[in-house]
Structure formats: C-alpha cells, structure tokens
Amino acid sequence: MKNNRVCILGGTGFVGRHLTTRLSAMGLACRIPTRNPQLHRSIRLNGAVELIATNPFDPEQLHARFSNCDAVINLIGILNQGSDSSFQRLHVRLPDLIIDTCKRAGVERLLHMSALNASTTGEVSEYLHTKGEAQNRVLTNSSSHGGLNVTSFGPSVIFGHDDSFFNRFAALLKLMPGPFPLACPGARFAPVYVGDVARAFAESLDNRKTWKKHYELCGPRNFTLQELVQYTARQMGLKRKIIGLNDTLSRLQGHALGILPGRPFTYDNYLSLQIDSVCSRDGLAELGIAATDIDAVVPYYLGPRSERSRYLRLRSQI
Ligand SMILES: NC(=O)c1ccc[n+]([C@@H]2O[C@H](COP(=O)([O-])OP(=O)(O)OC[C@H]3O[C@@H](n4cnc5c(N)ncnc54)[C@H](OP(=O)(O)O)[C@@H]3O)[C@@H](O)[C@H]2O)c1
C-alpha cells in the first residue's frame, strides 16, 4: 500500500468500529466519513482515525475523502427504510457513485459489504433485491487485474457484544414478561462473529486472489430463529415460552409493527426471512479463517459471564 490509508464508509457502525480497530492495529490510517462526527467522538480517541463530516452523496466531498487512500471500504447499509433513506438510494445509487468516484480519484481497491442471499432474481425483499443489484454492479465493474479491483462479502446475521440481533431480542424479552410471539420462527441463520467478518475484510485488502470475488460469510452452526431466541432467553436466565407464529400471523406482524415508531419488524423483514440465511460456500474457510461459535462470545455479553451480571453479583455481595 502506497499511502497506508483506507477510507471506511460506514466506519462508525457496528461492523465498521470492529474493522477500524483491526485495520488500525495493522498500522493503517483509517479515514471515516460520517454524517455526524459529534456522535462518534470516541472513535477519534484512536489517533490513527480521521473522522470527517461528509455527505456521502456529494460527489466532490466523496472525491476529497477518497484522495490519497489506497482502498475504499463500503459498509453503508440499512435494514429498514426511513423518510430520508431508501434502499434504492443507499444500496444502489451510493455504490454506483462510489465506483465512479474510486475511478476518478485513482483508488484501485474496493471492498463492498453486501448480504447473504442478495439477489435480483426471484421474489425477494427490497432489502435483498437492492443489495443484489449493488453486488452485481460492483463485481461487473471489477477487474481481475489492473484498474478497480473489487471484493464483495455476504454475511448471515452478525453477532458481537454491540450487535443489534441478540441485544435486540434480549431487550424485547426483558420488556415482555409473558409468552413471546415470534414471526417466522423456522427461518434459519448461521450467525457469524463480527471479529471474523472484520478479519475477512482485513485479510482480503491486500490479497489479489480475492479480486472480483464474492465471499459468503457464516458461523459454524445453523439455527432456526426460534432456537436463537430461546438461546438468548437461556443466556439471560429467563424462562420464556416462545410462541412461533404461523405464516399468516407473521405476515400480519410485519404489516402491524412496520408502522410503529422505530419499525421493530416490517413486511420487508418478513420477506427477507422467507429465504434461509445460511451459506452455500464457506467463505471464511476460503480466506483461512476459523469461524467462531456463538457459545464462545454471546455468554460474555448476555449471560452469567457478562459485565452486567458480574456487576450485579458484586453489588449483592456488598
Ligand atoms: N449487522 C448485520 O447483522 C448485517 C448482516 C448482513 C449484512 N450487513 C451489512 O453490513 C453493513 C454494516 O452493517 P452494520 O450492522 O455495521 O450497520 P450499522 O451499525 O447500522 O451502520 C451503518 C452505517 O451506515 C451509515 N448510514 C446509515 N444510514 C445512512 C444514510 N441514510 N446515509 C448515509 N450513511 C448512512 C452510518 O454512518 P453515519 O451515521 O456515521 O453517517 C453507519 O455507520 C451494512 O451494509 C449491512 O447491510 C449487516
């Protein structure tokens, strides 16, 4: 790498924070464009990180952020659309702009975050359809030799102490003391550890063999959603009956919760859950990474070994 610098779009998010820590530890300077630098001041405590206020849709601002960077990493994505953020705008228009800007700024390396099951064919959710459109475009624009070299990644659900999967179910289980109604209980996932995802990105950065390739990223075991929610309750020491909803009620829950503030579950989420989020190829193994099991990590932030439990135990001893 000439300048030893990477630009991480979405570097303030869950995956981005873990990846920034890993890349900084490798001696790389990380430039993170963000809409709200004041919200992420703690990231700046790491001296190798530049946090810069940016509108990622402004071509000139984006060009300035990419200048003197050896690589661009795009992690920007949303699970639910908002008034100012549509799937089409963030998942398709932005990657198009990123490709053009990389070419204009002379950046030759792009790592792109897609999602498992991203596809433009079949009846998929808008989330997966727009992710699929972007995945096709970045890989079509990739060269396998000189020019812009792209690698794309499609993870199943990602876990880690600051995730929004296990932590969200943990919060909901705490909030609802009775039986817990769960939409799409049979949907399958292979939760992948955020540290392994960050490692996959970091190890691909300088690896020519990954050019113009897409890697599916999964953890070592597959679970149904019901099993994962039961696992969450068990880790928290809660006895909860998880009631799996049938297809009609799951669909209805998507419509009903999708209009609540914060949109805890939407009809588009329901559509995403119609396809199992499990890998057909083991991308982590292809990159020489041994996948971490949920048992090695989740009990440390949800269960009896978590900071919170340790604190409560200590307090009860005083
Ligand atoms: N987490 C998972 O389980 C999972 C699974 C599969 C795929 N993915 C994909 O992995 C990527 C990273 O996920 P994550 O969980 O780290 O996401 P996250 O924590 O929600 O972070 C998303 C990032 O995107 C930026 N962003 C969000 N809305 C934006 C908007 N309207 N305009 C511009 N920037 C916006 C935010 O940057 P600022 O607010 O700083 O501007 C933030 O840093 C996403 O593309 C996601 O689709 C995640």
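Please specify each residue of the stretch 61-74 satisfying the condition of being surrounded by fewer than 21 Cβ atoms within 10 Å (Cβ to Cβ) and outside any helix (DSSP H, G or I). Steps first, answer last, please.
Filtering the stretch 61-74 for residues surrounded by fewer than 21 Cβ atoms within 10 Å (Cβ to Cβ) gives 61, 63-64, 67-68, 70.
Correct list: SER67, ASN68, ASP70.
Every residue, every condition in (1) touching a Gly at 6+ places or on another chain (Cβ under 7 Å); (2) among the small types (Gly, Ala, Ser); (3) surrounded by 16 or more Cβ atoms within 10 Å (Cβ to Cβ), yes or no:
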| site | (1), (2), (3) |
| --- | --- |
| ARG221 | no, no, no |
| ARG240 | no, no, yes |
| ILE243 | no, no, no |
| ALA256 | no, yes, no |
| THR266 | yes, no, yes |
| SER272 | no, yes, yes |
| CYS279 | no, no, yes |
| ASP293 | yes, no, no |
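Identify the residue in the stretch 235-257 that is of a type in the set (A, V, I, L, M) and in contact with a helix residue (DSSP H, G or I) (Cβ under 8 Å, 6 or more places away or on another chain) and, among all such residues, is farthest from ASP295 (Cα to Cα). Spell out how you get there, then give the answer.
Let us first name the residues in the stretch 235-257 that are of a type in the set (A, V, I, L, M), namely 236, 238, 242-243, 245, 249, 252, 256-257.
Subset that is in contact with a helix residue (DSSP H, G or I) (Cβ under 8 Å, 6 or more places away or on another chain): 236, 238, 242, 245.
Values: MET236: 13, LEU238: 17, ILE242: 21, LEU245: 27 Å.
In this case the residue turns out to be LEU245.
Spot the failing condition for LYS209; the list is (1) farther than 23 Å from LYS239 by Cα; (2) part of a strand (DSSP E or B), and only one is missed.
(2)
Would the stretch 81-103 turn up any residue that is in a loop (DSSP other than H, G, I, E, B), more than 9 Å from the ligand (Cβ to nearest atom) and under 26 Å from ASP196 (Cα atoms)?
no
Just a yes or no: is a residue in the stretch 1-21 under 17 Å from the mean Cα position of the chain (by Cα), surrounded by 17 or more Cβ atoms within 10 Å (Cβ to Cβ) and of a type in the set (D, E, K, R)?
For the stretch 1-21, residues under 17 Å from the mean Cα position of the chain (by Cα), surrounded by 17 or more Cβ atoms within 10 Å (Cβ to Cβ) and of a type in the set (D, E, K, R): present.
Would you tally the residues in the stretch 107-140 being part of a loop (DSSP other than H, G, I, E, B), touching a strand residue (DSSP E or B) at 6+ places or on another chain (Cβ under 8 Å) and surrounded by fewer than 20 Cβ atoms within 10 Å (Cβ to Cβ)? Don't jump to the end; show me each part of the working.
Keep residues of the stretch 107-140 that are part of a loop (DSSP other than H, G, I, E, B), which gives 107-108, 114-125.
Filter again for touching a strand residue (DSSP E or B) at 6+ places or on another chain (Cβ under 8 Å), leaving 107-108, 114-118.
When the remaining residues are screened for being surrounded by fewer than 20 Cβ atoms within 10 Å (Cβ to Cβ), the result is 108.
Within the stretch 107-140, residues that are part of a loop (DSSP other than H, G, I, E, B), touching a strand residue (DSSP E or B) at 6+ places or on another chain (Cβ under 8 Å) and surrounded by fewer than 20 Cβ atoms within 10 Å (Cβ to Cβ) number 1.
Kindly list, by first and then second residue, each pair from a residue in the stretch 89-100 that is within 14 Å of ASN141 (Cα to Cα) to a residue that is of a type in the set (Gly, Ala, Ser), limited to pairs with Cβ atoms under 6 Å and residues at least 6 apart or on different chains.
Filtered contacts from the stretch 89-100: VAL92/ALA134; PRO95/ALA134.
In this structure, does GLU133 turn out to be away from the ligand (no atom under 11 Å from the Cβ) and in contact with a Ser or Thr (Cβ under 7 Å, 6 or more places away or on another chain)?
Working: away from the ligand (no atom under 11 Å from the Cβ): yes; in contact with a Ser or Thr (Cβ under 7 Å, 6 or more places away or on another chain): yes.
Yes.
Taking PHE66, is it near the ligand (Cβ under 8 Å from one of its atoms) and either within 20 Å of the chain's Cα centre (by Cα) or free of Cβ contacts under 8 Å to residues at least 60 places away in the same chain (or both)? Give the steps one after another, and end with the answer.
Values: near the ligand (Cβ under 8 Å from one of its atoms): no; either within 20 Å of the chain's Cα centre (by Cα) or free of Cβ contacts under 8 Å to residues at least 60 places away in the same chain (or both): yes.
Answer is no for this residue.
Filter the stretch 23-60 down to the residues that are touching a residue at least 60 places away in the same chain (Cβ under 8 Å) and either near the ligand (Cβ under 8 Å from one of its atoms) or surrounded by fewer than 19 Cβ atoms within 10 Å (Cβ to Cβ) (or both) and list them by number.
Matches in the stretch 23-60: MET26 only.
Just name the residue that is modelled with the highest pLDDT out of those in the stretch 26-50 that are farther than 17 Å from ASP70 by Cα and among the hydrophobic types (A, V, I, L, M, F, W, C).
Step one: list which residues in the stretch 26-50 are farther than 17 Å from ASP70 by Cα, which gives 34-47.
Now drop any that are not among the hydrophobic types (A, V, I, L, M, F, W, C), which leaves 39, 43, 45.
Values: LEU39: 94, ILE43: 85, LEU45: 70.
Checked the stretch 26-50; the qualifying residue modelled with the highest pLDDT is LEU39.
How many of the residues making up the stretch 149-199 are more than 12 Å from the ligand (Cβ to nearest atom), under 20 Å from ASP295 (Cα atoms) and among the basic types (Lys, Arg)?
2
The values are calculated or read from the model by the stated rules, or taken from the named source; none is laboratory data. Not measured: the values here are computed from a predicted model. Cβ sites come from the backbone with ideal geometry, for glycine too, and all protein chains shown count toward neighbours.
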